[in-house]
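FYI, it's all coordinate maths here, none of it is from the lab. These numbers were taken from a predicted model, which means no experiment stands behind them. Methodologically, a virtual Cβ is constructed for each residue, glycine included, from the backbone with ideal geometry; neighbour enumeration extends over all protein chains shown.
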Amino acid sequence: MNTDKNVNGSDGRNDKKSRIIPSGCFRVKRNLILTIPIIIGILSVFIRGIASNDVKKSEFIITTIAATETATATSLSEYPVLGGEDADEDGFRIDTKENVILLTGFEPFGGYTVNSSWEAVKSLDGMQVLKDVRIISIKIPVLWESAGEILEQNIDRYDPIIVINVGQGSDQIALERIARNRAGPLPDNANKFPLTDTIMDGGPIFYETRFDLESLQQQLGKAGIVSIISDNAGDYLCNYLSYYSNNYLSKKYVGTPTMFVHVPPISDLNNPSDAENLRQIIAALKILVIQDYYQYSNWSK
């Protein structure tokens with residue numbers, strides 16, 4: 001009687017037979033074993049690439065975007081239409097689980113038939129910044145009594161991670177550092193004036209953006225885009241919206257940063273010079289959106 005049994009109760013000969021592996025299977029297993037380190041290596045490089053916060057790498061990305069913009073004539077038809085595939089039957093964008101960067105631009109005012117801020121902002125509507133980060137663009141009326149309300153409604157609707165307000169200004173891009181609690185006696189598109197000379201009774205004298213404007217200006221400069229840093233957004237609805245945005249976010253969405261950007265005016269989309277200026281504004285806003293997101297991501301760590 002053979003007592004040489006292994007732990008599972010089979011004798012040595014049967015156990016040996018059970019371990020015989022067909023040569024084809026062996027080659028598959030061997031190849032798989034040899035392939036695993038390669039796969040792990042590729043994944044590790046990919047993960048390190050994602051996790052890396054290397055400034056040089058981000059600068060390269062931004063410079064590449066700007067260079068591409070400069071080399072290619074951009075038409076508004078290349079951008080997604082307002083609402084896009086995510087719009088419901090009423091034209092409102094359907095809420096998604098994506099992180100939203102909210103961009104605002106103003107309707108035309110002061111005799112202009114177009115507003116450069118809205119023309120640029122609407123062209124970025126629906127743009128995917130990263131896999132789970134998308135731009136949503138909204139138009140703000142040039143009306144004292146409803147501009148803040150429209151902004152508030154959209155902040156509540158989309159719960160954005162960043163709010164960037166854009167308005168038509170002078171002949172160069174201005175990154176506004178300060179929003180002041182003041183409203184000038186200037187008529188809006190309904191020929192109405194602000195009820196008081198302050199935006200929020202008892203509110204702070206001013207708000208200062210959290211974004212590093214010097215860094216943003218530097219990135220724009222590397223792409224050949226001239227900009228200035230301003231401490232005076234004026235007394236009209238640009239300053240009003242900037243202050244309102246800061247005030248509302250600080251109370252209800254603490255930690256959500258906002259900034260205001262003034263962009264040069266345009267008057268005729270069919271004019272080659274104005275079309276080029278608009279292309280430059282769009283390129284600048286793309287850079288600011290991406291750089292703002294990088295700054296925000298660093299704060300969140």
TODO: Please give the FRET efficiency for residue 210 paired with residue 171, using the beta carbon to beta carbon distance and R0 = 22 Å, rounded to the nearest 0.05.
DONE: 0.20
Task: Mean shadow area of the range 159-282, taken as a quarter of the surface of its Cα convex hull (nm²) - done: 8.9 nm²
- [ ] Calculate the length of the line joining the C-alpha centroid of the range 235-301 to that of the range 125-178, in whole Å.
- [x] 7 Å
Task: Kirkwood-based Rg to Rh ratio, the range 169-227, C-alpha trace - done: 1.12
Task: Cross-link pairs beyond the 23 Å C-alpha cut-off, checked among 139/192; 192/251; 139/286; 122/286; 222/286 - done: 192/251
TODO: For the range 205-218, just list the computed ³J(HN,Hα) in residue order, Karplus coefficients 6.51, -1.76 and 1.60, θ = phi - 60°, integers in Hz, with x standing in for Gly and Pro.
DONE: 4, 7, 10, 10, 5, 7, 5, 7, 5, 4, 5, 5, 4, 5
Open item on the list: Test of understanding: what is the full-extension gain from residue 228 to residue 193, defined as 0.36 nm times their sequence separation minus their Cα-Cα distance?
Closed with: 9.6 nm
- [ ] Beta carbons within 10 angstrom, averaged per residue: use that to sort the peptides 189-199, 143-153, 282-292, highest first.
- [x] 282-292, 143-153, 189-199
Open item on the list: On a full-extension model of 0.36 nm per residue, what is the gain between residue 235 and residue 297, subtracting their alpha-carbon distance, rounded to one decimal in nm?
Closed with: 19.1 nm
